Amino acid sequence: MAAGFKTVEPLEYYRRFLKENCRPDGRELGEFRTTTVNVGSIGTADGSALVKLGNTTVICGIKAEFGAPPTDAPDKGYVAAVFLSVPNVDLSPLCSSRFRSGPPGEEAQVASQFIADVIENSQIIQKEDLCISSGKLAWVLYCDLICLNHDGNILDACTFALLAALKNVQLPEVTINEETALAEVNLKKKSYLNIRTHPVATSFAVFDDTLLIVDPTEEEEHLATGTLTVVMDEEGRLCCLHKPGGSGLTGAKLQDCMSRAVTRHKEVKKLMDEVFKSMKPK
């Protein structure tokens, strides 16, 4: 009976749960799904991470290559979404029947641009840190994010996967031979990237123009009257705000979202720190 009612009147079905301050999957309105992260998932990448947010699963792989510094900034490397190609977020039929093969659809393009904005606005990596030799050589980082299963809140999962993958990157020591002007790579001596900030995304769905829920599933996003994603760093600074139309929010509601985002940042940062700590040799 309940399944039939959900099929015929999905929004009303949800409203009956929301009135009781819970959701059909058993979560409270402000409760996130179980979040896990696995680092170093791709052996052929220079850095990688797989993140699961409930059923939503995203994997990020990063490849580092040599490139010439931009002529107008000879002491800077290439950071994804600035001089490099925009980070690629792949939403294929593999992750959801909503997507089709072929060129990136609108949602994939929006997600790619969102990640590009997060990288630029948060200054997660300083471009100067990627410079090997001023005016001669710099690192170029290529970031690919692939959604393996889409069950809502893709932006949070992509942001987390990108951050964890960047923290996993190790680059070899590179010097320029003055006689030959060629790069000499020491694979035995590697160092991690200097991660300057730790941006974490927190997404919300708006129901009936007033009610906020966190970490929406794909079904909840479809039924919502609007969505909002807030990206904060560890200092409580706002790095990015993404609201693709829909219901407006009052100043008080927006402040509430930002407060929840600060709390969520602490949870995600703690989880990530525990994972990287467990990887260190004892």
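The values are calculated or read from the model by the stated rules, or taken from the named source; none is laboratory data. Note that this is a predicted model, so its numbers are computed, not measured. Here the Cβ is made from the backbone with ideal geometry for all residues, glycine too, and neighbour counts use every protein chain on show. These area figures cover heavy atoms from the full protein model, side chains too; ligands, DNA and RNA do not enter into them. Shrake-Rupley method; radii C 1.70, N 1.55, O 1.52, S 1.80 Å.
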Among G43, G30, G105, residue whose mean-square fluctuation peaks in a GNM of the chain (springs only between Cα atoms under 10 Å): G43
Nonlocal Lys pairs with alpha-carbon distance under 25 Å, region 117-246 (8 or more apart, or different chains): 11
Residue of V39, V230, V110 that the Gaussian network model of the chain assigns the largest fluctuation, springs spanning Cα pairs under 10 Å: V110
Accessible area of T250 in the full protein assembly, 1.4 Å probe (Å², nearest 10): 80 Å²
Length-normalised contact order for the chain - Cα pairs under 8 Å, 6+ apart - percent: 18 percent
Quarter of the Cα convex hull surface for region 199-243, i.e. its orientation-mean projected area (nm²): 3.2 nm²
Probe 1.4 Å, accessible area per residue of region 85-193, Å²: 49 Å²
Charge dipole of the chain about the Cα centre (unit charges at C-beta), most positive-ward option of S134, V169, S112: V169
Of F207, Y192, T229, farthest towards positive along the dipole that unit charges on Lys, Arg, Asp, Glu beta carbons give region 179-229: Y192
Label-to-label distance, nm, for residues given as K136 and R98 (7 Å Cα→Cβ offset): 5.0 nm
Ranking by accessible area, most exposed first, for R196, R15, R33 with a 1.4 Å probe: R196, R15, R33
Net lengthening on full extension, A181/F276 (0.36 nm per residue, minus Cα-Cα): 30.5 nm
For G152, residues with placed amide H under 5 Å, excluding near neighbours: E218
Test item: Cα-centred dipole of the chain, Lys/Arg +1 and Asp/Glu -1 on Cβ, debye: 680 debye
Correct option for Cα extents along the principal axes in Å [calculated from the coordinates] among (1) 86, 62, 33; (2) 59, 50, 50; (3) 79, 43, 38: (3)
DSSP H segments from the chain that extend 15 Å or more along their own axis, Cα-based, with Kyte-Doolittle mean of 0.0 or above: 154-168
